[in-house]
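S.K.: Let me give you the structure first, and then I'll get to my questions.
Here, each number is a calculation from the coordinates, and none is a lab measurement. On a predicted model such as this, the values are computed, not experimentally measured, just so you know. Cβ coordinates were reconstructed from backbone atoms using ideal geometry, including for glycine residues, and neighbour counts include every protein chain displayed.
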Amino acid sequence: MKNAKRKTSPVLRRILLAVIGLILGVNVYFANASGIGGNHLPMPFGYGIANVLSGSMEPTFSKGALLLVKEEKQIEPGQIVVYQSGQELIVHRVIQIEGNLVTTKGDANEAADPVFDASQIKGVVVGWIPFLGSLVSFLKTPVGIILLLICAVLLMEGSFRKQKVSDDRQLEGIKEEIRRLKEEMNQEEPKKDMQQDEAKKVMQQNESKKVIQQEEPKKDMLQDEIIKTEITQESKSRKEREDGEGKQNN
């Protein structure tokens, strides 16, 4: 269970870092598109996002909602569109189309908007998320960007620290294993010496037995020679005694 948590934690940190990097990249992209190109709603890959700044479209969606906008060539009455009017983006519903002239009105407004050219339309609203637009707007502010950078630094610092702690634990584990092996080897040394001494004793005993076995025939032969010598001497002595007794009788 602990290993699973350890594996999940770095993954979550990487995901959060990726999200923060994506938000910062999007902020830079939108800032450049708005400041340099004068395009307040860039549409990469035909999609863009817009933040609702007023309650003119209530109850469909309220202020602070985040809109997903899709680029469309054909506009029909009843669709909610985002169009640029001067330096502002307006999100209202189409109520009338006459040629290239479009009339829109907020769901909560009583009066229609001034007629404008269809070329000013950025796209059609295809979805929205309540309240998320307020968070996105905050993250575009200097304070929001600074907070994102601080979060990114803290996440990276935390990741590095946890990795260092993990590496230190692994190193300590390796050192402990080495110490354990050394202790086992030191305990095995006396046993090896005893085994070697026993082996030497056995070899010496075997050598002694071989020597004894080799000396046995020699000892038997020597005993036979001694016996023969004794018998010979006994025979001579007996003969000499017999000869002496014969001389005395004569």
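S.K.: Take the alpha carbon gyration tensor of the stretch 36-138, find the square roots of its eigenvalues, order them as a ≥ b ≥ c, and report rounded if a/c is under 1.5; if not, report prolate when a/b exceeds b/c, else oblate.
M.R.: The shape class here is oblate.
S.K.: How much length would be gained if the chain were fully extended between Glu234 and Ile146, taking 0.36 nm per residue of separation minus their Cα-Cα distance, in nm to one decimal?
M.R.: Details: separation 88, 0.36 × 88 = 31.68 nm, distance 12.94 nm.
Length gained, Glu234 through Ile146: 18.7 nm.
S.K.: Relative to the present Cα-Cα distance, how much length would full extension add between Ile97 and Glu176 at 0.36 nm per residue of separation?
M.R.: Fully extending the segment from Ile97 to Glu176 adds 20.4 nm.
S.K.: Can you compute the FRET efficiency between Lys162 and Phe131 using 1/(1 + (r/R0)^6), with r the Cβ-Cβ distance and R0 = 30 Å? Round to the nearest 0.05.
M.R.: 0.35
S.K.: Further, regarding this structure: Tell me, in nm to one decimal, what length is gained between Tyr47 and Ser85 on full extension, where the rule is 0.36 nm per residue of separation less the Cα-Cα distance? Please report the intermediate quantities before stating the final value.
M.R.: Numbers: separation 38, 0.36 × 38 = 13.68 nm, distance 1.94 nm.
Here the segment from Tyr47 to Ser85 would lengthen by 11.7 nm.
S.K.: Too long at a 23 Å Cα-Cα cut-off: which of Lys162/Lys182; Lys73/Lys105; Lys73/Lys140; Lys63/Lys122?
M.R.: Listed pairs above 23 Å: Lys162/Lys182; Lys73/Lys140.
S.K.: Can you compute the modelled spin-label distance between Lys73 and Arg14, with each label point 7 Å from Cα toward Cβ, in nm?
M.R.: Taking the two extended label points, one gets 4.2 nm.
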